Amino acid sequence: MKQWRFEVFSRPATSGAGSDDAGGRDVLGDIKELGIDTVQQVQSARVFLVEGDFDEVFAKRIGGELLADPVCENFYIGKSTAPAGLAKATIIEIHLKSGVTDPVAESVMTAIGDMGKSCQTVRTARKYILFGEINDKQLKKIVRRLSNDCIEVVVIGTNAEPPSPHLGQYELELKTVDITKLGEQQLVELSKKMDLFLNAVEMKTIQDYFKSLGREPTDIELEALAQTWSEHCVHKTLKSSVDFDFDGEKIHFDNLIKETVFGATKQLNKEWCISVFKDNAGVIEFDDTDAICFKVETHNHPSALDPYGGAATGIGGVLRDPMGTGLGAKPIANTDIFCFAEPDKSFDEIPRGVLHPKRIAKGVVAGVRDYGNRMGIPTVNGAIFFDDRYLGNPLVFCGNIGIMPRDKCFGKVSGGELVMVVGGRTGRDGIHGATFSSGALTGEHETVFSHAVQIGNAITEKKTLDTLLRAREQGLYSAITDCGAGGLSSAVGEMGAELGAEVELEKVPLKYAGLSYTEIWISEAQERMVIAVKPEELEKISKIFADENVEATVIGKFTNDKKLTLKYQGTQVGQLDMDFLHNGLPKYSRKANWSSKKLSEPALEAKENYNDDLLKVFSTYNIASKEWVIRQYDHEVQGGSVVKPLGGIANDGPNDAAVVQPKFDSDKGIAIGCGMNPLYGDIDPYWMTLAGIDEAIRNVICVGARPDRIALLDNFCWADCKKEETLGSLVRAAQACFDGAVAFGTPFISGKDSLNNNFICDDGKEISIPATLLISTMGIVDDVKKCVTADLKSAGNLLFIVGLTKNELGGSHYYKIKNQLGANVPKTDLRTAKLTAEKIHKAIDAEFVASCHDCSEGGLAVAISEMAFAGGLGVLVDLQGLPKTDDCTRLDAQLFSESCSRYIVEVRPEKFNDFAKLMLGVPFGQIGQVTEDKNLIIKSSLGKTVINASIGDLKDAWQRPLKW
Amino acid sequence: MTQINALVLRAAGINCDVETQHALQLAGAEAQRIHVNRIIGNPDLLDGFQILVIPGGFSYGDDVAAGKILANQIIHHLADRLREFIESGKIVLGICNGFQVLVKTGILGKIEPAGKQQITITYNDSGKFEDRWVYLEPSSEKCIFIEQGRRIYLPIAHGEGKVVFENEGVFEKVKADDRIVFRYVDEDGNFGPFPVNPNGSTDSIAGLCDSTGRVMGLMPHPERFVRFTQHPHWTRLGDKSRADGRTIFDNAVKYVKQNFL
């Protein structure tokens, strides 16, 4: 077998046809960003290593017809050397580690097959030739920037060889682990040694179980238990009983989440909720024939180590939730929310083991872009929050909404049905992902847990989705779930929880040889779904998959013995009682406390003019335009977008929520929004949570969603909850979830938590994320043709504010630019919040509203400016009309307070009476008029001009920070 | 034949097939989505259709280069049948990824049928995938999909949309052959740099046809503007009937009606 090496270069741009070397240019930019200016030029090449029995003539055809573009690229067979006579050149080649998924290689193999020859292996690499003097230290820095240790190997110089693609075969060697005679300390050590992340009580419970069986466990049994019982899979903290001390008052919860988040849903008992907190996503009614489901997941730890792969598999993973809900939903919209440290940092400020926040941001966005776009699912909603406490633990929330017929919302497994794994093959990727996600990160994680990082292949998932939907339509399987965190172990374990299952592990298709039976069982390789198939349907369903090149393999069957039995080549390698696996986890009781913070308001000098402050607030990373990100996502594929993430006269103004219309034959739509503000949590997580709920609801109300058909999702991301104060802040947030959901009549339908988001630096210093609760909303829009956007529509229209402005600058962005926190956090008035939302909806439904914008981060001045520059129009604001509390006398509070439940509404003069009549009962006032002259002028109640800025300048301040 | 049959080609990673089918149905065609494997298995299936559309997406992940793997598959399994399809007077439309495929199969990428590919589509000058709306000025007189003089507004969503020619001669030949169908312009019809020309395409080219005018490929997505609520700021517009993408499908159907029924 001969190995052929192909190098593909851009053709120099000298001829009219040439294209410039975009890859090289990007890398040169990256190197300059590192502060290295001795590199003058970078040339990039794509490298393909192909093993196959063919001659040079055919090799040349592969190079010319397949690998290189005939017009703008050249190919070279063999290893090219840098042209002589130029400045010193350094060659860097970046290869994937053995066994890492390489989608391009798979496609090249197929394509060579189409050309009539087969080949044994294909691998791809990136090659960069750096021209210019660099020293070893600089080279190291560059390599670190260009490659990722977790998944890639770097080869430097012309003579170095890439790693071999061949891995040894695995031979069965059954491993048992002696635990029954160990003491508590030894059990803890064993857990640590095996990376099980199980604590002493859990290890003791497992020991007792095996003592009762009279034998020692095998490694696969311990790994399966560790995975099923991991924080990531079972959410033991949120389900534990909690003794909460709140300013000295004692409150007890038997099961924290059940009595708060779930409790609200139970109390509301909405008939339009179809399946909540049970399945992979929460399901509600859409119309008479269809249901929609929504799930938001986090993929934080993997994204910290490999931003691109971590975020890509984050979106890939969450897509499999709707696909694995009921009998499978079709994904129709993505949402992505990220938390990063502020990007303008020098490398000296970055602890070892942490990637630069700008690199994380770029990598995460690219990962979501490439996976989401390839899947053909529009990414329609999102947010980015910057705070330096996310330095060690960036947060990546990926969400997806799916649609399915109402009679396909539930699956049911029966004994005797076959366990079939569909989609991607199993590899070593993602091993220990679930357990690893359940601990704190340290500088060592990069090397120790590199295998926990997973690599995605969106096209495999897309093919799997296409075929599964066809099989679903024909009713060829009876239950489905995804292989998410916990892999086959968790998927088969969950599906067979009530019945039992037997799996023959050697039948699982592998990406490469060498995996042990345990690795097969716990691998978190992507793009795999598990279905239950009746034996009589096997032939039919197998054909559907085979027709479109999707791998589907029967790996076992569901039984009736209530046991999980694992075999490898006929040998039983593990057997656990399903009851112990799923219900054996000891129940926890934890202590939590929260003491109200003693904070005060800063003494800021009153000013006559707030132009500078407004521009500064606009240029904070949190408020700044995210257009750089949004444009990289396809937000229109599937043809259902009604309100896009950007709108207004130049298609670049902010919208409050996205609206999609999932069915071509119906004008019904879905509005998607989110709310999150960790700064408020620094004052009190209770009010942070209510503000988040209020904002997420306002978002969807602003575009036209019905207030009585809004479902909520919670995503708790917290630091180390073994600390009583940290857990206390979480309890405060959970309490607010209950109060908010009940008051608004908006049930939580699904959620997920990610705890232990803290990073321990080499010197022992801990960087903990702030309490971060993402609230996502999904609301029904009855008629998308009545949707409203935030951009001002025409001069002469009247501008109203609905909702009360209070002296609430605590945690505001205005205080942030002054490096202050303050004390007066916005407090949602739950009595008026719902009423206000209902009235705004009525006004939109009656078509009284020309535009509507949520007044939140940055306050009234920001909200009005956004509406103005989005519409390309000016506004004359008179604060005399501002409904406010008596203590809200300061101008800066009136302009920048982030009080909740406020909407800015543009109304045509002829609709004034109707609108005003409708608003009776909630605080509202006319605060201005839309003007032609493209300036924002705000006058105080005394008639003094306090802001006078051109909308062009405001827009520029808003767009500049993240124009990467 | 009494009805207009359109085939919307599916393949691994093609992802605009459903909305493309919908757009064809709105225009009055019976549209079916069929996987390329089925066509390769039974190329006679092509005979039942007068319109073939290769929709947008990321066929085979756009691995190696956009559209390349699917183009390779078509070259090695369907080239002759596709040529017959076109020679029999039927029509082919490639949208976004479908345009890339048509160029890379040579159908739109050559200037001589027997020659080699001399036109290609490569990475945007910005180096990024971008979703934005663009104005398109029609120019070809022979292309059956367009209406002369009617500037249209459509979204693009691609990372590789820059049309490039091997040399000036190839470009001149394509121009002389009236094969340039659409050019990116601003609202008033003027050419300009990014973002007016969103990818740096030669001569602001957004779409090309073959020498018959019956095979067209374009980067923008007409199937994404078949209802007025798809317009990026429809809430500002008075005209609630606008749906520029419809014209392309309507013209395709009209052509088949006139020539085949």
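Every number in this text was worked out from the coordinates using simple rules, so none of it is lab data. No experiment lies behind these values; they were computed from the predicted model shown. Virtual Cβ from ideal backbone geometry, glycine too; neighbours counted across all protein chains shown.
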Which value in nm describes the separation of the simple spin-label points at residue A:37 and residue A:913, placed 7 Å from the Cα toward the beta carbon? 7.0 nm
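Can you give the extra length, in nm with one decimal, that the chain gains between residue A:831 and residue A:553 once fully stretched, where that is 0.36 nm per residue apart less the Cα-Cα distance? Intermediate values should be presented prior to the final figure.
Details: separation 278, 0.36 × 278 = 100.08 nm, distance 5.57 nm.
Extending this stretch completely gives an extra 94.5 nm.
Add -39500 (n - 2.57) for each DSSP H run of 4 or more in chain A, then divide by its residues: what number comes out at 222 nm, to the nearest 500 deg cm²/dmol? Working shown, then result.
On the way: 32 runs with 305 residues, N = 964.
Calculated from helices alone, the mean residue ellipticity at 222 nm is -9000 deg cm²/dmol.
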Along the dipole axis of the protein assembly as shown (charges at Cβ: +1 for Lys and Arg, -1 for Asp and Glu; origin at the Cα centre), the most positive-end residue among A:324, A:76, A:673 is A:673
Determine the dipole magnitude for chain A: charges of +1 sit on the beta-carbon of Lys and Arg, -1 on that of Asp and Glu, nothing else is charged, the reference point is the Cα centre, and the result goes in debye to the nearest 20. 420 debye
Mean separation of Cα pairs under 8 Å and 6+ residues apart, divided by the residue count of segment B:1-133: what relative contact order is that in percent? 22 percent
Stretch residue A:266-residue A:193 to full length: gain in nm at 0.36 nm per residue minus the Cα-Cα span? 22.1 nm
Averaged over its residues, how many other protein chain Cβ atoms are within 10 Å of peptide B:113-121's Cβ atoms? 3
Charge dipole magnitude, Cβ of K and R +1, D and E -1 - segment A:530-632, Cα centre, debye nearest 20: 620 debye
Size of charge dipole - segment A:815-866 - debye, nearest 20, with Cβ of Lys, Arg +1 and Asp, Glu -1, no other charges: 320 debye
With only alpha-carbon pairs counted, each pair once and no self-pairs, how large is the Kirkwood hydrodynamic radius of segment A:2-156 in angstroms? 16.6 Å
Shape category assigned to segment A:245-351 from the gyration tensor of Cα positions, a/c cut at 1.5: oblate
Dimensionless Rg ratio for segment A:70-229, taking C-alpha atoms and the 2.2 N^0.38 Å reference: 1.64
Along the Cα→Cβ direction, 7 angstrom out, place labels at residue B:242 and residue A:765. What is the inter-label distance in nm? 5.5 nm
Segment A:167-213: relative contact order in percent, alpha carbon pairs under 8 Å with at least 6 residues between: 34 percent
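If you wrap chain B's Cα atoms in a convex hull and average its projection over all directions, what's the area in nm²?
The Cα convex hull of chain B, projected and averaged over all directions, gives 13.0 nm².
Could you sort A:818-826, A:223-231 so that the peptide with the highest average Cβ count within 10 Å comes first and the rest follow in order?
Put in order of decreasing packing, that is A:223-231, A:818-826.
Out of the trypsin sites (Lys or Arg not before Pro) in segment A:266-323, which ones are loop residues according to DSSP with at most 13 other C-beta atoms within 10 Å?
A:278
Enter the per residue convex hull volume of segment A:184-235, computed from alpha-carbon coordinates, in Å³ rounded to the nearest integer.
74 Å³
Using r as the Cβ-Cβ distance of residue A:77 and residue A:513, and R0 as 25 Å, what FRET efficiency do you calculate, to the nearest 0.05? Display every interim value, and only then the final one.
Details: r = 29 Å, r/R0 = 1.15.
It comes out at approximately 0.30.
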Test item: A:107-116 mean partner chain Cβ contacts at 10 Å: 5
Counting Lys and Arg as +1 and Asp and Glu as -1 over every other residue whose Cβ sits under 14 Å from the Cβ of residue A:75, the net charge comes to +3
Ordering A:611-623, A:590-602, B:196-208 by per-residue average of other C-beta atoms within 10 angstrom, highest first, gives B:196-208, A:611-623, A:590-602
Given the candidates B:228, B:216, B:174, the one whose Cα lies deepest towards the positive end of the charge dipole of segment B:135-254, counting +1 at each Lys or Arg C-beta and -1 at each Asp or Glu C-beta, is B:228
Ranked highest first by the average count of other Cβ atoms within 10 Å around their residues, in what order do A:548-554, B:145-151, A:655-661 fall? A:655-661, A:548-554, B:145-151
If the chain between residue A:665 and residue A:723 were fully extended at 0.36 nm per residue, the gain over the current Cα-Cα distance would be 15.6 nm
By the Kirkwood definition, with r running over pairs of different Cα atoms, segment A:828-951 has a hydrodynamic radius in Å of 14.9 Å
Please list the radius of gyration and Dmax for segment A:115-196, considering alpha-carbon atoms only, with Å as the unit. 22.2, 63
Out of all DSSP beta bridges in the protein assembly as shown, what portion is antiparallel? Express it as a percent rounded to 5. 75 percent
Under a crude label model (7 Å from the Cα following the beta-carbon direction), how far is residue A:120 from residue A:61 in nanometres? 2.2 nm
Report the relative contact order of segment A:788-964, percent, no decimals, based on alpha-carbon pairs under 8 angstrom and at least 6 residues apart. 37 percent
Positive end of the charge dipole of segment A:758-871 (Lys, Arg +1 and Asp, Glu -1 on Cβ, about the Cα centre): tell me which of A:799, A:870, A:853 has its Cα farthest that way. A:799
Rounded to two decimals, what is Rg over Rh for the protein assembly as shown when you use alpha-carbon atoms and the Kirkwood radius? 0.96
Report, as an integer, the average count of C-beta atoms from other chains found within 10 Å of each Cβ along A:638-648. 6
